[in-house]
1. Looking at this structure, is residue 197 free of Cβ contacts under 8 Å to residues at least 40 places away in the same chain, in the same structural domain as residue 156 (by TED's automatic domain parsing), touching a Leu at 6+ places or on another chain (Cβ under 7 Å) and not acidic (Asp, Glu)?
2. Restricting to the stretch 174-196, what's the tally of residues that are within 21 Å of residue 102 (Cα to Cα) and loosely packed, with under 14 Cβ neighbours inside 10 Å?
3. Which of the residues that make up the stretch 156-173 are buried (at least 19 other Cβ atoms within 10 Å of the Cβ), of a type outside the set (Phe, Trp, Tyr) and touching a residue at least 60 places away in the same chain (Cβ under 8 Å)?
4. Go through 48, 100, 25 for me and flag whichever is modelled with pLDDT of 85 or more and of a type in the set (A, V, I, L, M).
5. Just checking, does the stretch 7-14 include any residue being modelled with pLDDT of 85 or more, of a type outside the set (A, V, I, L, M) and within 19 Å of residue 72 (Cα to Cα)?
6. Which residues, counting only those in the stretch 211-244, are aromatic (Phe, Trp, Tyr) and modelled with pLDDT of 90 or more?
7. So, restricting to helices (runs of 4 or more DSSP H) that lie completely within the stretch 1-73, which ones have at least 1 residues that are more than 24 Å from the chain's Cα centre (by Cα) and β-branched (Val, Ile, Thr)?
Amino acid sequence: MKFSINHKSPIPLHLQAEELLRTIIKDPQYADGKFLPNEVDLAKQLAISRTTLRQALNKLVYEGLLTRKKGVGTKVANASVSSKSNNWLSFSQEMQARGIPVRNFELHISWVNPDQQIANFFEISTDKKILKLERLRGRNEGPFVYFISYFHPRVGLTGDEDFKRPLYEILETDHSVVANLSKEEISARPADKILAAKLEVESGSPILFRKRFVYDQGDRPIEFNLGYYRADSFIYTTESRREQ
């Protein structure tokens, strides 16, 4: 495919390049996941500098329309996964409800001593071993969320459960523990080297951080969950209604 822009136009080159990119990503071959032409080739074809082209690319990356991986290339971003704060479900149940197949890229189980924050939440001592579950999850194309969950010993998890099943289904069906209340904190932070490697983003890239505190029907704490999401692949929505 031949691309070009009008160098005689009064419209700045970076804006023309941006508009061209918006047209390119609508092409079926790129929408289906084909990588865009590399920066060097495309800049030469358009007769503009790489800096000008990168300015246009950065705009679309910022808007979540493109994803860029160092040493690999740039392609159209997958549609973002969204999650609502009301009527919450386990991650597997959320994705199943949206028809999105989930893949586990990593799954680790260990018994650890909780730090003071987790111990305070569970109202136990720091020398009491608790189950820690780590899961790197996403679509077939790649991971977009890394979960770390800690569970109160009262729940009865042994570590031998099939954690490919929905988590809250395991708790309810296998251990008669019903997750009834979730309190959450949402923030943004830069990805450190470990998170960047797991989520396949550049170190320092923005990620969505969700801290979840889960309680049973008696308002007793059962799970302390940390979730790290790729910012270009996940949208968290809230809904509120004014009381009459």
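The values are calculated or read from the model by the stated rules, or taken from the named source; none is laboratory data. What you are looking at is a predicted structure, and each value in this text was computed from that prediction instead of being measured. In this analysis, Cβ positions are derived from the backbone assuming ideal geometry, glycine residues included, and neighbour counts consider all displayed protein chains.
1. Values: free of Cβ contacts under 8 Å to residues at least 40 places away in the same chain: yes; in the same structural domain as residue 156 (by TED's automatic domain parsing): yes; touching a Leu at 6+ places or on another chain (Cβ under 7 Å): no; not acidic (Asp, Glu): yes.
Answer is no for this residue.
2. Qualifying residue count, the stretch 174-196: 0.
3. Across the stretch 156-173, the qualifying residues are 166, 167.
4. Working: 100 fails: modelled with pLDDT of 85 or more; 25 fails: modelled with pLDDT of 85 or more.
One residue alone meets the criteria, 48.
5. Going through the stretch 7-14, the residues modelled with pLDDT of 85 or more turn out to be 7-14.
Those still in the list that are of a type outside the set (A, V, I, L, M) too: 7-10, 12, 14.
With within 19 Å of residue 72 (Cα to Cα) added as a condition, the list becomes none.
Looking for residues that are modelled with pLDDT of 85 or more, of a type outside the set (A, V, I, L, M) and within 19 Å of residue 72 (Cα to Cα), one finds none in the stretch 7-14, hence no.
6. Initially, the stretch 211-244 is screened for residues aromatic (Phe, Trp, Tyr), giving 213, 215, 224, 228-229, 234, 236.
Across the stretch 211-244, the qualifying residues are 213, 215, 224, 228, 229.
7. Details: elements: 13-24, 28-31, 39-46, 50-62.
Once the helices (runs of 4 or more DSSP H) in the stretch 1-73 are filtered for at least 1 residues that are more than 24 Å from the chain's Cα centre (by Cα) and β-branched (Val, Ile, Thr), what remains is 13-24, 39-46, 50-62.
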